[in-house]
Structure formats: C-alpha cells, structure tokens
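> Handing you this structure, nothing more for now.
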Amino acid sequence: MEVVIRQDRRDAERYTAHFMAAFVRSHPGCVLGLATGGTPEAVYAELVRLYRKGEVDFGAVTTFNLDEYVGLPPEHEQSYRHYMAARLFNAVNIPEERTHFPDGTAQDIAAACRAYEEAIRQAGGIDLQLLGIGRDGHIGFNEPGSSLASRTRIKTLTAATIRDNARYFGSEDAVPRHVVTMGIGTICEARRIIMLATGANKAEAIAAMVEGPVTAMVPASALQMHPDVVVVVDEEAGSKLRLADYYRWVFEHKPDWQRVVR
Ligand code: PGA
C-alpha cells in the first residue's frame, strides 16, 4: 500500500479529488467505483469544480456505487442514488444510464446482486475504486466478520454503524437495518483503489488496516493483498500509524515519473 499523509482534511480531500481527475483524464472511458458517506463529500465538490473549469470530462465514464440501503427508493433523500445525484451526477456530464447502484428495492435481492456483479463484468470491471473506511474497519458495508471473498449481497448493519449513520436519518430507529453491498472480493477486483480517511475517529481503523494482520475482523485489511492501493489520510487519521515517518519519507522521495497518475 502507498500511504499518503496530508497535513489536514482539506488537503487530503483535494489530493484524492485530483488523483481521480487525473485518472479520468488519462482513462476517459474508465469505470469508476464510487463511495458515499461524509468523507467523500468534499471530493465530489472538488470534482464538480474541476469539471466546471473544463479540467475533467465525465462524458465517457461509467460508475458503480459500492452499496445501497434496502427498502429506500431512489428518490428517498437518504438513498445513495439521491446522495450521488445531489453531490456529483446532477452537476457533471455522466450519462445517467451509465451510473449503477445495487438495487435495494428488488423483490429478489439475491438475483439483483448477481445482476450487479454481472453488470460490473460486462462493463469490463472497475478501473478505479474510491473507498472510505468505517470506524470498525468496514469497506462498503462489509462489517467485521464478512468473508474476505464475499460478493455483492445483503448485509445486516452493526449497531455501531447504525449509530454512526443516525445523524443522517434523525434517529437510530429510522436507519434501515439492511443494505446491499459489493463484497470484499468484488472490491478487491478493482484494478486500482484509492481510500480516503480523515479525522481522529478513523485513526485506529487505519492503523489496523495498514499495519495489522489481514483478518475478517478488520474487513479493510484485505486491501493488503491488493497490488495497487493508495491510502490518503490527514495527520489525525494517520496518527496511529507506526511507520508514519517512513510513509512520509517514501512520499518525499518519490521519483517525478511516479507522481503522474497513469
Ligand atoms: P463516513 O463513512 O465517510 O461517513 O465516515 C465511511 C464508511 O462508512 O465507509
């Protein structure tokens, strides 16, 4: 893993957005995997800004989001389709028919999950996946204990994740108990992965993911098995990394040709 430690949250968000924009510039017809939650909001805002300046064009891009709540229709304010429309899709030129979400309203959720996996395959696989991380080490909604080989499926949220997300719904009771999420196996098939984590409440999860053992108890630790992962953190989220000075050293000594996003 490449660990990039930026001074503050804003710097980490900008780094991530510019990495993604550079990737889209060099791969105009790419397939992006996208994430929701509080962390990437400013990344999408920066991508919209770059789009408006003419610095990135999403006209040929295809997207697949990581997850969706079960039972929330797309027009529901807390559905992830609504989140993405409000923060990115309505403001840039991604054709709507090329934006994809797991279907949390399907009668047959298992069949919808298989269809989602097939749609990713048909699109040629995900070229660049954006990820956040939960305080419990989840990626997508793969809670601790998820199989490291899991595929898109229905999951039950932990009480901790329900508490974390209650801020969006007004109360814990209003948070759906079930979600449909890409599996860890699905996520790890992306050709490249960029994870953004900011704030002190992510420090333990980041240290466990980067420097702890590979274990289903920390789903994000599966990324240690992936050959092309960039982890972008601010100082706070990186504060429990034992090798933080080494990661800074590596970044400072990176040859110029490696700084170009290919
Ligand atoms: P957050 O969620 O960005 O709202 O902290 C991250 C995640 O659960 O992946």
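> Considering only region 1-24, state which residues are without any contact (Cβ under 8 Å) to a residue 40 or more places away in the chain and either open to solvent by 10 Å² or more (accessible area, probe 1.4 Å) or within 25 Å of Thr161 (Cα to Cα) (or both).
Arg10, Arg14, His18
> Scan region 59-66 and tell me whether some residue there is within 25 Å of Ile133 (Cβ to Cβ) and of a type in the set (Ser, Thr, Tyr).
The answer is yes, given that some residue of region 59-66 is within 25 Å of Ile133 (Cβ to Cβ) and of a type in the set (Ser, Thr, Tyr).
> Looking only at region 185-202, count every residue that is over 13 Å from Gly38 (Cα atoms) and surrounded by 24 or more Cβ atoms within 10 Å (Cβ to Cβ) and tell me the total.
Total meeting the criteria: 5.
> Here is a further query. Quick one: which residue in Val210, Val180 is in contact with an Asp or Glu (Cβ under 7 Å, 6 or more places away or on another chain), more than 10 Å from the ligand (Cβ to nearest atom) and not in a loop (DSSP other than H, G, I, E, B)?
Matching residue, one of Val210, Val180: Val180.
> Checking the condition surrounded by fewer than 21 Cβ atoms within 10 Å (Cβ to Cβ) and away from the ligand (no atom under 16 Å from the Cβ), which residue from Arg151, Arg163, Arg87, Arg135 passes?
Result of the check over Arg151, Arg163, Arg87, Arg135: Arg151.
The values are calculated or read from the model by the stated rules, or taken from the named source; none is laboratory data. Fair warning: this is a prediction, and the values are worked out from it, not measured in the lab. Here Cβ is always computed from backbone atoms with ideal geometry, including for glycine, and neighbour counts include all displayed protein chains. We work out accessible area using only protein heavy atoms, side chains counted, and drop any ligands, DNA or RNA first. Shrake-Rupley method; radii C 1.70, N 1.55, O 1.52, S 1.80 Å.
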